[in-house]
């Protein structure tokens, strides 16, 4: 188990102590702990420490990471090995979808502008937008993107899905368009929601071309990975009036440096990578691992097996 700090162990591990030898360590002690270890729980979900100690992981069979995204974990040697990787798919779906709903509502109903006016003691009547009939493009058709689609479509929004490949008959999106063709299909989009894992195909996906294709009234919401949006292009789009701001729970770099224009750019709202972190989330993450560990110890099939070549759990394989 790799904790954030040596004394920051996940809860509920006592359920495993009669069946397995459990060691809790931080990154500095991982190399010493790995020889002879068959399973690794990455509680520090942004850690890249496994790559550094890979030569000492000859008996490793399974890695579970307490995150939906595995971009910080997977490296070529791991992807080429027989080590099974599982993730925290399912824990963050609803909380993140609720965050996206909040961001969309705050934009449509000018909540941030109202707060500014209140601080200025200004009473200003305004008209706001309705979400019924508005079009939202969700980039990423995994579990989080699908939950976003369900929540937003429940408000009468028209939801359009973009994934790695185009297809028909999707249960949540109907037609899924290829994300590589994003710029060709967003000229009528009111909200662009980025919910995709970070892969070579999604890195820098939302660039100047895509942002220019969006209507000037569109709003960007990113809860996927910061590197999927080209920060410089986003700043230019907002400054030039080509985009009606953005709600960013992830950004590149993260956190932004103190002199980043994102801090003070009108219409841009930042949160500290917390869209999925609701009360009880750490308990849920730990219990998910323990449940999976008991399956592993029983020789049963593991849940949430990641295709390390793709970088995510394929639809239907969770």
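Grab the strands (runs of 3 or more DSSP E) fully contained in region 127-199, keeping just those with 2 or more residues being over 24 Å from residue 234 (Cα atoms).
Filter on region 127-199 gives 167-170, 174-178.
Out of the strands (runs of 3 or more DSSP E) lying entirely within region 14-117, which hold 1 or more residues that are out of contact with any helix residue (DSSP H, G or I) (no Cβ under 8 Å at 6 or more places or on another chain) and modelled with pLDDT of 95 or more?
Hits in region 14-117: 62-65, 84-86.
Report whether or not residue 77 is surrounded by fewer than 16 Cβ atoms within 10 Å (Cβ to Cβ), in the same structural domain as residue 35 (by TED's automatic domain parsing) and touching a strand residue (DSSP E or B) at 6+ places or on another chain (Cβ under 8 Å).
Criteria not met by residue 77.
Can you tell me which of (1) loosely packed, with under 14 Cβ neighbours inside 10 Å; (2) within 22 Å of the chain's Cα centre (by Cα); (3) farther than 21 Å from residue 250 by Cα is the one residue 153 doesn't meet?
All conditions are met except number (1).
Does any residue of region 108-125 turn out to be under 26 Å from residue 184 (Cβ atoms), surrounded by fewer than 21 Cβ atoms within 10 Å (Cβ to Cβ) and free of Cβ contacts under 8 Å to residues at least 60 places away in the same chain?
Scanning region 108-125 turns up at least one residue that is under 26 Å from residue 184 (Cβ atoms), surrounded by fewer than 21 Cβ atoms within 10 Å (Cβ to Cβ) and free of Cβ contacts under 8 Å to residues at least 60 places away in the same chain.
The values are calculated or read from the model by the stated rules, or taken from the named source; none is laboratory data. Small disclaimer: the values here were computed from a predicted structure and weren't measured. Because the Cβ atoms are built from the backbone with ideal geometry, glycine has one as well, and the counts that use them run over all protein chains shown.
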